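Okay, structure first, notes after.
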Amino acid sequence: MAGEKKGLQLLDFWVSPFGQRCRIALAEKGLPYEYLEQDLRNKSELLLRANPVHKKVPVLLHDGRPVCESLIILHYLDEAFPDKPALLPSDPYARAQARFWADYVDKKVYDCGSRLWRLKGEPQAQARQEMLEILRTLEGELGDKKYFSGEAFGFVDVAFVPFTAWFLSYERFGEFSVEEVCPRLAAWAKRCGERESVAKSLHPPEKVYEFIAMLKKTYGIE
């Protein structure tokens, strides 16, 4: 796809927490880009060409060359634009820790949240317990810090913060309160939500809940 349009383009879907990571990172770095909303039920030729392996969003096109998978895109933005504010810390150990926790979020939160609204009975109760453990584990890592890496908003915050717009849905389907279970995490979510990069990239939690209700209807889940 080399030789195509210059600059940055983001193939994305409005409610995707993975795409929102990229939007937040681009905003934090002050990088202009063209946003290309995708219809995931009728995937575009551009998306299929840009990501023929997974056929998923987000995909970042940089001068026509595709970069796939959200955390890889975050790494790429740090490396391709070294003159912009970095998401990862400079210390190798701190970088390794940030990668670990972003990977933890990647492997745990979305899958468990999906089971919360898809399942009923005992399987749902198990998903609820898992979600509470995941949130408590992340709160333990956050501790009393302002952000996951300390005073600076960084890689783990960008990886995790899109899911805060899904907290309301997790609470309703799981019948728990994030603020009651993990007050420091709830305070972190509010703090992050006050950043312009986050505020303009996330959608209201009620809108996310309506989207999930639509998915449940589509899949015939009562």
## Note on the structure
Of (1) within 19 Å of Arg21 (Cβ to Cβ); (2) open to solvent by less than 70 Å² (accessible area, probe 1.4 Å), Gly174 fails just (1)
### Query
hydrophobic (A, V, I, L, M, F, W, C), closer than 21 Å to Lys216 by Cα and out of contact with any strand residue (DSSP E or B) (no Cβ under 8 Å at 6 or more places or on another chain) - does that describe any residue in the range 127-140?
yes
### Task
Any residue in the range 108-122 that's closer than 17 Å to Gly220 by Cβ and open to solvent by less than 90 Å² (accessible area, probe 1.4 Å): show its pairings with residues that are in a helix (DSSP H, G or I) and of a type in the set (A, V, I, L, M, F, W, C) at Cβ separation under 7 Å, as long as the two are six or more apart or on different chains.
Arg115/Ala127; Trp117/Phe173; Trp117/Ile212; Leu119/Ala127
### Query
Looking at this structure, is Pro123 at pLDDT 95 or above and part of a loop (DSSP other than H, G, I, E, B)?
no
### Message
Would you confirm, using the coordinates I've provided, whether Glu34 is farther than 26 Å from Lys207 by Cβ, modelled with pLDDT of 95 or more, loosely packed, with under 14 Cβ neighbours inside 10 Å and out of contact with any Asp or Glu (no Cβ under 8 Å at 6 or more places or on another chain)?
### Response
no
### Summary
Okay, helices (runs of 4 or more DSSP H) sitting entirely in the range 128-198 with 1 or more residues that are under 25 Å from Ala96 (Cβ atoms), I get 155-160, 183-193
### Message
One residue is enough: does the range 173-196 have a residue meeting the conditions closer than 24 Å to Glu28 by Cα and out of contact with any helix residue (DSSP H, G or I) (no Cβ under 9 Å at 6 or more places or on another chain)?
### Response
yes
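The values are calculated or read from the model by the stated rules, or taken from the named source; none is laboratory data. Predicted, not measured: the structure shown is a model, and the values here were computed from it. For neighbour counting, all protein chains shown are included, and Cβ atoms are generated from backbone atoms with ideal geometry for every residue, glycine included. We work out accessible area using only protein heavy atoms, side chains counted, and drop any ligands, DNA or RNA first. Shrake-Rupley method; radii C 1.70, N 1.55, O 1.52, S 1.80 Å.
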